[in-house]
Structure formats: structure tokens, C-alpha cells
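Everything below concerns the one structure shown next.
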């Protein structure tokens, strides 16, 4: 069984190497995609020796969104205010993008120092986090199709009305009579629902609504009366954070100097950033975004290659376990396969991403978590495929190799395996194709793959169909290229027939 | 050279070998014959431990091969084996089939292995097939390549497990020619075969197996002219 051990050790080494590559690539991508830093001298009282980390959900222009046209940094009103405050405190600023729903949790686990994300002060949130003074008060508007515009909230009684999940607009629709309320995660999704006639109107705050109707000329907005000023946006901190008073002071400074007003004016009325679409489907709305989306091809491919290789190597090891005569190895491989095939991939992905830092203290980068989850899952399926392929190789091959005195490992690698792979090549290609397409699941943990980029663009220009169709075409082309390469390989392997 | 002491082999409840004891001398050519299911192939496969004997001892050149401490992989390199169904490696060309084990196991350089393979191909009369794939060869050609592949490891003993049984009749001769040449070169050989004429002409000794026992062991002239046991007599009546 020495040979087994050696084989396993080598495979483990290969897997570790792969993971290292994945993590390097992961950090590399993050610095391209998600972080914007302002370089100021670090080391003041507010931030001893390390940068201030800000959490935000970059899908809410003009407050914050990914600048898909220029390099993919996170930009917006909130970002400018945060940069100004950080500069006043003498701190470096680091911005981390994540889902709006994850922001409070990120504060509670101290993954971020503060959150600015167009977040309104509510009694519920106050129980979990501290808030600064409000820095901006927005007004609510009704967004609907132009041909049935609404003047007042009362007119929405009995209608289908959308709001963003977890937003203060939920309170605004609470008093509607007989209305069907639909709560969605993102404003761009609400806009799309109006266009698809699934809801009659959405309650959205003014700055966001203005952008949306510029991009979609078939929509109209009605401003609602201003609410009381306490209900504006504020900066959130972990409970008891020492940063709260310092930030409040800085906000007051910015108010007094007129700096905040200047930032507000810079971002509101900056609608030229959004391109108006002329037709129902108008690919010119993608102008300027294509290179951002295309860079997602690299992420998707890298991810697919890493998880396919990991899946293949680990799957091979598992298949050898299953064919071995050592009972514990057989049991391990069998249980492993049963668990990974028996639970949803999405669940495994989210578990690995969230559980790893909690259990090991290692803050696993999203791309690495994704490669790991998909590789481990794929290995479970592939181990069965490979086992079948090995068993399908004629017994006589093994006996001939043994009779020649060829050691087990050499026999497996040079005699049995090439024949097994040839038999299972179509199944392997299927698995790779599935991986390319399933890779779109990784957007849930914030990896900016193709699909994630499509929704970033949707957030920026309020057009859903065009970016989705565009990435759909890219996926299709990728799969086409892969299958043609596989056909070439198969022809080469079949030359001995 | 080969010493077999009371070897038995059972598969589950089925007793295939029921205590075989014999000695094969260096350079001896043994033809193993007997009815189907008599244990001929299993006996042969026990000699290089493709089957592990249930009981008994096999000693080759003083090494107890049935001892678990013996490095069986290294030991097998000294015993060549040719199978009924050739078992060539289908994804390698003819010359690669022959060169593989000498390079990977014996550490020969590519040039040495190629020279050796070329000489062996010449010997089995297939020098022009070096770069063909096995799927392009006839059965007789495949079996001659398989013999060349085994010889490339310079074995001291060659085992042949029904080498002509899977061949069309017109190809049997070319393979037997190679076996004859090998026998006259002084190689120690054990051949399981149904070719009685060949056994009679080429072998030094005939082993007659029936129902897992070595019933008779005699020079061909004696065995074919005056078989001692009733079973051997009946068998010869049927096949001759």
C-alpha cells in the first residue's frame, strides 16, 4: 500500500498547488475589481496602523456603484463623503463591496469598520449597530410606466407595488390598502419588473429614480412629499465603536465648509452617465461597458479551469480509493461522494465561504472558496465516472502489465489511465461544460464573474435584457470553443483505433 | 529451476488446483495439456503469482516466491508471460509496446530500448510493423508482438497461456514457428496448449492435468504412445 500512499501524497501536493494559484489569482482580481484606496498617511487615533475598511453595496447609483465603464472601481456620493472623512481623520480608506443584506453582519463580525450604503436609520437596525448623524435625506418617488402614471400614494391602493427589501420605502407602502407588495433585493430588478408588467409601480428614492427614468424613457416618476429629516441616510458602525463621534465631527465640518453640498451637487443631476435606450432591446446601451463585461471571461475561465483540474485530480484519487482493497479508504470515498452529491452545490459554496473564516480564522477569498467548492463537488461526480472508466479497461491490460513487472503506479499512469480517459472523454467534457455554466452561481459570494458583471451593468444603466443577452452569448461561445477543442483531442486519442 | 510443492488454489468453494508438486529444469520445455477446466491456466498463473496459491510453496532459483516478503513486482520481471488474447497496449504503437517495460522498469535509454525492440521485431519477422498500432495487425501478428514484448525484458522463464487458441487456423503456424525457435534457443518454457502435434514435437516434457491434479508427467514419446492413466488415454482418444 506504499504505492497508494505515495500516489495520494503527490495528488494532495497538486491540489495544494492549485489552491495556492487560485488564492493568488483571487487576491489579484480583488485588487482590480473591488477595492479603491485613498493614500493618506496612516496611523492616527481612529486607525492605528491599518486602513479603515468601509462596507458598501455597490448597486445603488448615484450613492455607490461599480464604475463599469472605467476600471471597475466603486464610486459615488457615499464614496466621496467617506474619502473626505478618512482624509480628515488621517486614515487610509479601503472599500469592500458586498450584498446589502450582508452589511449589518459584516459590521457585527468586524469584517468592516463602518458601512455607508444609502442606509437609512431604523429602530430595528439601531438594536444591532450604531449610527452617525444623518448626512443626507432623500425623498420618495413613485416610478411607473408613463402611460399609467400615479400622482399620490393613495392611487396605489389595490395595485401591485414594489419596494427594495430592507429599505425605508417598506414603511411608505405599509399603509396602502389591498395593495400587493413585492419586495426585491435590488432597485434595477424593481425597474425591470415594472417594464415586464409584473408590478404597477415601485416606491424608490429620488436620486435613484431619476437615473432610472433617464435610461428608460417609457417610465415616469412622481415626487412624494418629504418625510421628516431624521429618516435620512447615516453611517453605521459596530456597537460602541470609537469612530462614531469622530465621524460626526467630520460630517459637521463638511456641512459648515459647504464641502458636502458640493459633493451632493456633483453626483445628483449627473445623469449623462446613463445612456437612454431608444428601443425595447437596444445594445447601444452597452456602450462603454463591454470591456468590463469581457474581463469577466477571464474570471469565469480561470475559475472553471481551477475547479475542473481540482475536480479531476481529487476525483481520480477518490476513484482509486474506491477501487482499493483498504476498507477505510473505500468507506471514506463512498461517504464523501454520497455527501457531496446529496446536498446542493450552492449550499456547499456558501458554507465553505462563511464557515472557513469562522472555523479556521483564515479569511478565504471568494474566488478560492468558489474553486474549492466546485472542485470538491465536481470530484464527487468525476470519481464515479473515472471509476467506471478504469473498470471498463480490459482486465488483460492489467495482467499484461503485472506480468512484465511494471509497478502499480507506472501501470496506472501509463497503461490503465490513458485508456480509461479515452473511454470517458465525452463524460469529462460534459462535466467541464456544466462547470462553465454553473460558475454563474459564484456571483452570490461576490466573485465578479460574467453573470455578476451583467448585473453590475444592469445596476448602472437600468437595462436588464441587453447585458444578460450579451453574457448569454459569451457563455455559449465559450462552451462552443471548449467542445471543439474536445473534439480535436478525441480525434487525436482515437488515432490508434 | 522451478520447484512446485503441493500447490492448491480454491476460488470460494471451488477447488481448481488440488496439490501440484513438480520440478522444471533449466532449459526444459514443458507442454501443459488436459481437458477444459482442469486447472492448466491457473497452474501457469500461479507461477508468476497472477493468482496467489491458497496453499503450497513455489521456489524459483532458490527464491521462495510464495513468501509474502518476496518483492513480487521485481520477481515478475524475470518471468515473461504471453496470453491467449495478446493484451497488447492498444494506445501505443508496436515498438512502444515493446520498449515500454525495458525503459520504465529496467531503466534502459530510449536508444538502447529501440535497438533491442528492433532486433526482436526482426526475430519475430515483423520489422516493418514497428510504427503500426495493434488495431492494424492480424491475430498472429499481435501474438508475435506480444512474445517480442515479453522477450524484451530478458526473462529466464517464459509462460504461454494458450497462445494460439484465439487465432484463426491459418495464423497458428507463424506463432508456433516463433515458439519452436525460442525452444531451440534453450529458454525455459511452460506452454498451455491444445496443439498436440506441436506439443509432441517441441516439448521435452508433457504435463497432463485433470481435475486440478498433475496426473501424468512424461516425455512426449512415452506419453503419446503409452499413456499410463485411464484418464489420459480417454483424453488422447478424444483429441487425436
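Values in this text are rule-based calculations from the coordinates and carry no lab data. Given the structure is predicted, the values throughout are model-derived calculations rather than measurements. Ideal geometry is used to build each Cβ from the backbone, glycine not excepted, and the neighbour counts take in all protein chains shown.
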Cα convex hull volume per residue for chain A (Å³)
174
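Going by average Cβ neighbours within 10 Å, how do the peptides B:1-14, B:130-143 rank, with the highest at the top? Don't skip to the answer; put the middle values down first.
Working: B:1-14: 14.9, B:130-143: 18.0.
Most protected by this proxy first, the peptides run B:130-143, B:1-14.
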Approximate spin-label separation residue A:356-residue A:128, in nm, with each point projected 7 Å along Cα-to-Cβ:
2.4
Given labels modelled 7 Å from the Cα in the Cβ direction, how far is it in nm from residue B:64 to residue B:165?
3.2
Expected integer from the mean partner chain Cβ neighbour count at 10 Å over A:403-415 is 6
Reduced to Cα centres, the span from the stretch A:244-263 to the stretch B:1-70 in Å works out to 95
Förster radius 35 Å - calculated FRET efficiency between residue B:3 and residue B:180, Cβ distance, rounded to 0.05:
0.85
Counting helices only, and only those DSSP H runs with n ≥ 4, report the 222 nm mean residue ellipticity of chain A as the sum of -39,500 (n - 2.57) divided by its residues, in deg cm²/dmol to the nearest 500.
-18000 deg cm²/dmol
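Please compute, for peptide B:75-83, the average count of beta-carbon atoms on other protein chains lying within 10 Å of each residue's beta-carbon.
Details: counts 1, 6, 4, 1, 3, 3, 5, 2, 4.
Across the residues of B:75-83, the mean count of other-chain Cβ atoms within 10 Å is 3.
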Would you work out the relative contact order for chain B, in percent, from Cα pairs under 8 angstrom that are 6 or more residues apart?
27
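Pop the C-beta distance of residue B:15 and residue B:217 into the FRET formula with R0 = 22 Å and round what comes out to the nearest 0.05. Each step should come with its number before you reach the end.
Details: r = 20 Å, r/R0 = 0.92.
With R0 = 22 Å, the Cβ-Cβ based efficiency is 0.60.
Suppose the chain between residue A:239 and residue A:480 were pulled fully straight at 0.36 nm per residue; how much longer would it get relative to their current alpha carbon spacing?
Details: separation 241, 0.36 × 241 = 86.76 nm, distance 5.22 nm.
Gain on stretching residue A:239 to residue A:480: 81.5 nm.
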Using Cα atoms only, what is the angle between the long axis of helix B:169-184 and the major principal axis of chain B, expressed in degrees (0 to 90) to the nearest 10?
90
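Shielding by partners for B:86-98, please: the mean number of other protein chain Cβ atoms within 10 Å of each residue's Cβ.
Numbers: counts 2, 9, 3, 9, 8, 11, 4, 1, 0, 0, 0, 1, 0.
Rounded to a whole number, the mean comes out at 4.
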By average Cβ neighbour count within 10 Å, what is the ranking of A:338-344, B:116-122 from highest down?
B:116-122, A:338-344
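Once you have a ≥ b ≥ c as the square roots of the Cα gyration tensor eigenvalues for the stretch A:140-226, tell me rounded if a/c is under 1.5, and otherwise prolate or oblate according to whether a/b is larger than b/c.
rounded
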How far is helix A:417-438 tilted, in degrees, relative to the longest principal axis of the Cα atoms in chain A, given as a value from 0 to 90 rounded to the nearest 10?
10
For residue A:148 paired with residue B:236, estimate the spin-label separation in nm (one decimal), with each label point 7 Å from Cα along the Cα-to-Cβ line.
10.6
In whole angstrom, the spacing between the Cα centers of the stretch A:61-79 and the stretch A:353-417 equals 43
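So what is the relative contact order for the stretch B:90-155, in percent, with contacts set as C-alpha pairs under 8 Å and at least six apart?
Values: 65 pairs, mean separation 31.7, N = 66.
Dividing the mean separation by the residue count of the stretch B:90-155 yields 48 percent.
Within 10 Å, count the other beta carbons around each residue, average over each peptide in A:478-484, A:324-330, and list them highest first. Mind dumping the intermediate values first?
On the way: A:478-484: 14.0, A:324-330: 11.9.
Averaged packing, sorted descending, gives the order A:478-484, A:324-330.
For chain A, what relative contact order do you get, as a whole percent, if you take Cα pairs closer than 8 Å and at least 6 residues apart? Don't skip to the answer; put the middle values down first.
Values: 789 pairs, mean separation 86.5, N = 497.
It comes to 17 percent, rounded to a whole number.
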So how tilted is helix B:110-123 from the main axis of chain B? Cα-based, degrees 0 to 90, rounded to 10.
60
The stretch B:71-147 and the stretch A:158-222: distance between their alpha carbon centers, rounded to Å:
76
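Could you calculate the FRET efficiency of residue A:69 with residue B:128 from 1/(1 + (r/R0)^6), where r is the beta carbon distance between them and R0 is 45 Å, rounded to 0.05?
Details: r = 67 Å, r/R0 = 1.49.
My answer for the efficiency is 0.10.
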